[in-house]
Amino acid sequence: DAGVTQSPTHLIKTRGQQVTLRCSPKSGHDTVSWYQQALGQGPQFIFQYYEEEERQRGNFPDRFSGHQFPNYSSELNVNALLLGDSALYLCASSLTVNEQFFGPGTRLTVL
Amino acid sequence: AQRVTQPEKLLSVFKGAPVELKCNYSYSGSPELFWYVQYSRQRLQLLLRHISRESIKGFTADLNKGETSFHLKKPFAQEEDSAMYYCALSGRGGDDKIIFGKGTRLHILP
């Protein structure tokens, strides 16, 4: 089991563009959470998906949206990118509450 | 407000000396407390959680509800302990989003 995988590893976009990040959970896990980690900060919770629905959401604008597929993989979409969206985006998967396993992250740079 | 505070950005400790990484939290209710660690070029991983009451890699952490603290301790630091450490909390009863502190970089000096 490769654990949680994320793609792409790095991404460069310009302001106003849209981006899609992808996550495959650890085998057997059905819940996917997304976090944003700005430079020098701890990860901040964006939202969580379970049974293909958004179950919880953090304090992020509607420009941030997501999706979970029947195979439990997930996408994070960010519209109308801002410079401040530059960060490491982490995906975490879990089966039981609180046992979250993290992926390596996608580094997004917005120019 | 739900918050995790790690007052030290950087902590430098000599090999063999005791280590204490401080963590204070604010949460209405009874949270779950965790320590996550990120070694160089590795992904974020769970080190320990308070409900397990385990000692992992020689580290322990005691939840002090009166002081709302969850400090991470190790009696004798090793060079391989150098890493970024994040204190975190989560709610119970389905509210399982994790709230992280800003992290403390632990640097073990030879």
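Below are the figures for this structure:
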quantity: Residue within the stretch A:2-11 that is under 23 Å from B:PHE100 (Cα atoms), at pLDDT below 95 and not charged (D, E, K, R) present; calculated: yes
quantity: Unique residue being part of a loop (DSSP other than H, G, I, E, B), at pLDDT 95 or above and over 16 Å from the mean Cα position of the chain (by Cα) when the list is B:GLY29, B:GLY66, B:GLY16; calculated: B:GLY16
quantity: Those residues of the stretch B:32-63 which are assigned to a strand (DSSP E or B) and at the interface with another protein chain (Cβ under 10 Å from one of its Cβ atoms), in sequence order; calculated: B:GLU32, B:PHE34, B:TYR36, B:GLN38, B:GLN45, B:LEU46, B:ARG49
quantity: Restricting the stretch B:79-90 to residues that are at the interface with another protein chain (Cβ under 9 Å from one of its Cβ atoms) and either part of a loop (DSSP other than H, G, I, E, B) or closer than 21 Å to B:LYS9 by Cα (or both), the residue that is farthest from the chain's Cα centre (by Cα); calculated: B:ALA88
quantity: Which numbered condition B:PHE76 misses (of (1) surrounded by fewer than 15 Cβ atoms within 10 Å (Cβ to Cβ); (2) closer than 18 Å to B:TYR25 by Cβ; (3) more than 14 Å from chain A (Cβ to nearest Cβ)); calculated: (2)
quantity: Pick from the stretch A:46-79, criterion in contact with a strand residue (DSSP E or B) (Cβ under 6 Å, 6 or more places away or on another chain) and aromatic (Phe, Trp, Tyr), ranking: farthest from the other protein chains (Cβ to nearest Cβ); calculated: A:PHE64
quantity: Residue in the stretch A:4-58 that is farthest from B:ARG105 (Cα to Cα), counting only those that are buried (at least 21 other Cβ atoms within 10 Å of the Cβ) and free of Cβ contacts under 8 Å to residues at least 24 places away in the same chain; calculated: A:GLN48
quantity: Residue list for the stretch A:95-111, restricted to those being more than 13 Å from the chain's Cα centre (by Cα), part of a strand (DSSP E or B) and surrounded by fewer than 18 Cβ atoms within 10 Å (Cβ to Cβ); calculated: A:THR109
quantity: Test: residue in the stretch A:80-93 that is of a type in the set (Ser, Thr, Tyr), within 14 Å of chain B (Cβ to nearest Cβ) and farther than 15 Å from A:THR20 by Cβ; calculated: yes
quantity: Enumeration of residues in the stretch A:94-111 that are more than 14 Å from every other protein chain (Cβ to nearest Cβ) and among the polar types (S, T, N, Q); calculated: A:THR109
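The values are calculated or read from the model by the stated rules, or taken from the named source; none is laboratory data. Everything numeric in this text was worked out from a predicted model, so none of it was measured. Positions of Cβ are backbone-derived with ideal geometry, glycine not excepted, and every protein chain shown enters the neighbour counts.
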